[in-house]
1. Can you sort Y207, Y158 by 1.4 Å-probe accessible area, starting with the largest?
2. What is the sum of charges around F184, taking Lys and Arg as +1, Asp and Glu as -1, for the other residues whose C-beta is under 11 Å from the C-beta of F184?
3. Taking the simple approach of a point 7 Å from Cα along Cα-to-Cβ for both K36 and L206, what is their distance in nm?
4. In terms of the ratio Rg/(2.2 N^0.38 Å) built on C-alpha atoms, what value belongs to the stretch 33-211?
5. Relative contact order for the stretch 33-211 using alpha-carbon pairs under 8 Å, separation at least 6, rounded to a whole percent?
6. Points 7 angstrom from Cα along the Cβ direction at S192 and K89: gap in nanometres?
7. Tell me, what is the 1.4 Å probe accessible area of T187, in Å² to the nearest 10?
8. Calculate I(q)/I(0) for the stretch 107-213 by the Debye formula, one identical point scatterer on each C-alpha and no solvent, and give its log10 at q = 0.10, 0.13, 0.14 Å⁻¹ to two decimals.
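The values are calculated or read from the model by the stated rules, or taken from the named source; none is laboratory data. Since the structure is predicted, the reported quantities are computational estimates derived from the model, not experimental observations. Every residue, glycine as well, gets a Cβ built from its backbone with ideal geometry; the counts of neighbours run over all protein chains shown. Note: accessible area is taken over every heavy atom of the protein model, side chains too, but ligands, DNA and RNA are not part of it. Shrake-Rupley method; radii C 1.70, N 1.55, O 1.52, S 1.80 Å.
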Amino acid sequence: MRKLGELLPELKVADYTRLYRRIRDLEIEIPKSSDKIVVAVDSTGVKVTNRGEWMRKTHRGERRGWIKVHIAVDVENKRLLSIEVTDEKTKDSKMFEPLVEDLNLKDCLGDGGYDDKEVFEILEKKGLDPPGIKLRKDAKVGLSPRGQAAKEFQELGYEEWKKKHEYGKRWAVEGFFSAVKRCFGETVRAASPAGMVREAKRKFGLYNLVTKI
């Protein structure tokens, strides 16, 4: 390449710095699905290896060593549908809307971290009521979307509710997390907050791409 570069000066040699910048800025697109699908949502913690800038900019010196990766996965084909990355303090329910806003949902499976009235309202607007979101034991029956979900849960009982929503398929999202961590490890090495987000999204997107081959 260097010899060729001498003959063609406009041809830039792919040195380490150039390769690093291209990889750093690489974004792997997650294919969109228009099909009506059952999705599972969840989050996982990813360790921060180089925490200096993250600690200073995000937590002002407070000791923090994690970021959170939030994803939605198609429970049938185990494909990644959407991803968001936040600091460790962000609640799962707060990232629910961006995960599902572009999805055509048949059902949505989630653990108690998504037992939030706004989550049920979002799903009702998408024509899905009640969903397969696990409720807290003290959930009250009522006229709200969450109240109606509590009514269904109480009338069916846990075992029948679980069968109706095929709640066991929620393992698809946990399996996706486990597979990504086995392939790429449980840490991000980037130094800046933006770099950590890019690195995490790149790893999840790359695993999703490889599994299609």
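1. Result, largest first: Y158, Y207.
2. For residues surrounding F184, the net value is +3.
3. Using points 7 Å along Cα→Cβ, the separation is 3.8 nm.
4. Here the answer is 1.09, to two decimals.
5. 26 percent
6. According to this spin-label approximation, the distance is 2.2 nm.
7. My reading of the accessible area for T187 is about 50 Å².
8. Log-scaled intensity ratios, in q order: -0.42, -0.64, -0.71.
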